[in-house]
1. Go through segment 33-42 residue by residue and turn each phi into a ³J(HN,Hα) via Karplus (6.51, -1.76, 1.60, θ = phi - 60°); whole Hz please, and just put x for glycine and proline.
2. Under the rule of at least 5 residues apart or a separate chain, name every residue whose amide H is placed under 5 Å from the amide H of Leu740.
3. Over 20 Å, how big is the tail of the calculated P(r) for segment 1-60, in percent of all Cα pairs?
4. To the nearest Å, what is the center-to-center distance of segment 4-43 and segment 711-741, using C-alpha atoms only?
5. Counting pairs of Cα atoms in segment 615-740, how many percent are more than 21 Å apart?
6. Where does the chain land at 222 nm, in deg cm²/dmol rounded to the nearest 500, when only DSSP H runs of n ≥ 4 count, each adding -39500 (n - 2.57), divided by all residues?
7. Taking H as built 1.01 Å from N, whose amide H comes closer than 5 Å to the amide H of His222, not counting residues under 5 places away?
8. If the cut-off is a Cα-Cα distance under 17 Å, which lysines reach Lys56, setting aside same-chain residues fewer than 8 apart in sequence?
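Read-outs: derived from the displayed coordinates by stated rules, not from any lab. This structure is a prediction, so every number in the text was calculated from the model and none was measured. Cβ placement follows ideal geometry from the backbone for every residue including glycine, while neighbour counts extend to all protein chains displayed.
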Amino acid sequence: MDETTSPRTAHRICPLCEACCGLELTIEGRRVSAVRGHAADVFSAGYLCPKAVALKDLHEDPDRLRRPLVRRDGAFVETGWDEAFAEIERRLLPVIEAHGRDAVAVTVGNPSAHKMSLLPYFGRLAKALGTKNIYSASTLDQMPKQLACGLMFGHWLSIPVPDVERSDFLLILGANPAVSNGSLWTVPDVRGKLKALRARGGRVVVIDPRRTETAALADAHHFIRPGSDAFLLAAMLHTLFAEGRVRPGRIAPHLAGLEALPAAVAPFTPDAVAPACGIAADTIRALARELAAAPRGCVYGRLGTCTQRHGTLASWLVDVLNALTGHLDEPGGAMFPRAAAFAANTAGKPGVGRGIVTGRHASRVSGAPEVFGELPMGVLAEEIETPGPGQVRALISVASNPVLSAPNGPRLARALGSLEFMVSLDIYLNETTRHADVILPGPSPLEDDHYDIAFPQLSHRNHARYSPAVFEPPAGQPPEWQNLLRLAAIALGRGAGADVLALDDEWVADEVRKLAGERTPALLAALAPRRGPARLLDLALRTGPYGDAFGARPDGLNLDRVAQTPAGIDLGPLQPRLPELLRTPSGRVELAPAPLLAALAQAAGELAAAPADGLQLVGRREVRSNNSWMHNLPLLAKGPERCTLLMHPHDAQRLGLADGMLAEIEGAGRTVRAPVQLDDAMMQGVVSLPHGWGHDLPGARLAVAARRPGANLNALLDENARDPLSGNAVLSGAPVTVRLAQTSSV
Ligand SMILES: Nc1nc2c(c(=O)[nH]1)N[C@H]1C(S)=C(S)[C@@H](COP(=O)(O)OP(=O)(O)OC[C@H]3O[C@@H](n4cnc5c(=O)[nH]c(N)nc54)[C@H](O)[C@@H]3O)O[C@H]1N2
Ligand SMILES: Nc1nc2c(c(=O)[nH]1)N[C@H]1C(S)=C(S)[C@@H](COP(=O)(O)OP(=O)(O)OC[C@H]3O[C@@H](n4cnc5c(=O)[nH]c(N)nc54)[C@H](O)[C@@H]3O)O[C@H]1N2
Ligand code: SF4
Ligand SMILES: [Mo]
């Protein structure tokens, strides 16, 4: 890498959100002087958002940690890497020896899904620890969708996405991609794509308790009472059956369980669900008819449909509707990507598999079932606080900030304060990592190589893109995969001084042996001299569906070939994949998995209850923010106050509140304060506060964020409120009371 001062251009996939935009950076010495969209990028074609420009701020942020911090006599001191790992070995091993492997918990957060250095190696650390106490942002986010898709299609990551460029009708529930840039749907410039859809004569309809920025781009928007999407979707299904509109089309022979559905949705007539949803019965019928009549269209549900009590039911019914209207696995409908690397649904025997299982163990205190190898984030605090065998006494947090991102952060913060030992892999001393005894910083995002492991599995078009590091990391800074391996070595009793490269070699050899048997030495030789995630990537590309199969398909992909193409390799529009994609034991799409039918029958009992009055709280996202950790970047932090409580003027009037007044919001017995912002885009009875704020906790080192800390939405939420099937936290629709704050200090 030439780091002289003559300007150079570097191409880099943005690691900040799921859109995965290709960027073009101008570099002068160690500085970024400009960030633009990479116009030639085959996938994002020059699109970018303001957060990409803030990568410069992130790279230069003086608060971003460059050296390990170790707590000595209550204060953090900078140390060398060996000293930090020696401290971890000295403190962590006795916890395991005295209390067993489950005494060490791990949490892993959102950025790990965007880092090839973290994602494949976190699993190795978890395995080396041998703990059941694994917690991730997935149970604050998408676990319901993963569970529903796992049950229907046989793998947790077989999630269909809208084929937006060929679609004429899109029904969007609980997602605001115009701001979030898409989730479980990798789609740069979704605004442009929705506009193009409409320009072709297609229609976009949004269902959301707020008339969002996405709704502003749509043809129609309907308010919905938070938490009632499963009822709406069941009633749409009811309409399809009642009106004889069920037409699965080509995939009909691959469906199982269809016969169970009419009875399952019988209680959910449009008239019965209308009061619970706040949507008129005629509107519900019209939505079902429009979906059924659309030649090319689909339903897409996201965060708002997952972070609720019936998240798994809602996520399931989205794809049942797609399947029964002929929109699943069809161009313009909900289609399955075919990723170039790492996708389980391109490996093994096509068309059939073992399916998924849950509940292989349960959380110790509340008995919450394991889902996809994890326990719900909501039970972590009680697992730390409750004495007895198996009590969590140490924690390793990896790119996660649950003190702000998980419900009842204040309780979690107290619990973290009571741990015997905590290590954080993070780039900031923040609300969570301030509780650590050792913090191991990762490099700047521009100092590591990038390939998205997760998001090509969720992309609206198939592609393979790789970008090398823009800068060499500072001397001594290990890549994060090596830090994870070093922690694994400690957990395995090999010691802090173990040779992590040798450990990596061992693991890769094991993996290759499973694939290649006798050919293992030849394959390992072909993968050398790469190591770490780059070697895993080369292996995955070469053995993937477009791969060179180590020479057997000479024109196929390998990492050299992908890396030589900075604009990326386009692998074409999504193609139908049923039944080949399926990994269910039946070899069919399971439309009516037993646990979902049982849960739906139980949910029907709620229809009789009158909808609660009082205010319900929902979250929102904002373009210049990303979860909890980008409020320290000056470019994004400037401008108007963003952590405001949106409220319909009628609700405000009733409560004696006016625009700009400071409100006290009470939920789950706790209060926070935020300025009121009147907005008739809110459904009456629903208020909205963004998450990820609350940067006023002592001990954090976030100078810019602390100037305008905002309020922590999650302080108002109940950590015990979960979707029982997936363990996902209920983040949406919590009851709150709002009043004028008595003093003017926030
Ligand atoms: N009420 C409410 N709560 C929510 C949500 C909501 O909508 N409403 N959304 C939920 C969702 S969808 C998610 S995904 C979660 C996110 O929950 P988390 O993953 O816990 O939160 P993030 O804010 O993404 O925090 C990421 C952490 O990673 C650190 N980090 C950033 N880059 C790197 C890196 O390169 N290496 C390392 N080691 N660390 C890094 C940051 O400093 C920060 O501490 O929040 C959830 N919480
Ligand atoms: N700028 C920015 N982009 C981001 C992030 C960010 O923090 N900032 N975070 C990233 C992450 S981690 C994720 S997971 C994605 C999430 O991306 P999206 O899934 O698009 O999530 P949100 O933008 O939070 O939109 C959720 C919508 O659901 C609505 N809603 C709330 N409750 C309900 C309900 O019960 N039913 C229905 N139908 N709607 C409801 C809310 O009003 C909101 O408009 O965004 C990613 N992109
Ligand atoms: S939309 Fe997401 S991936 Fe694209 S530039 Fe913005 S933050 Fe980066
Ligand atoms: Mo997320």
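1. 9, 7, 10, 10, x, 8, 4, 7, 4, 5
2. Counting only residues 5 or more places away or on other chains, the set is Glu664.
3. Values: 386 of 1770 pairs.
Percentage above 20 Å: 22.
4. 38 Å
5. 40 percent
6. Details: 26 runs with 226 residues, N = 746.
Calculated from helices alone, the mean residue ellipticity at 222 nm is -8500 deg cm²/dmol.
7. Val206, Ile207, Asp208
8. Lys638
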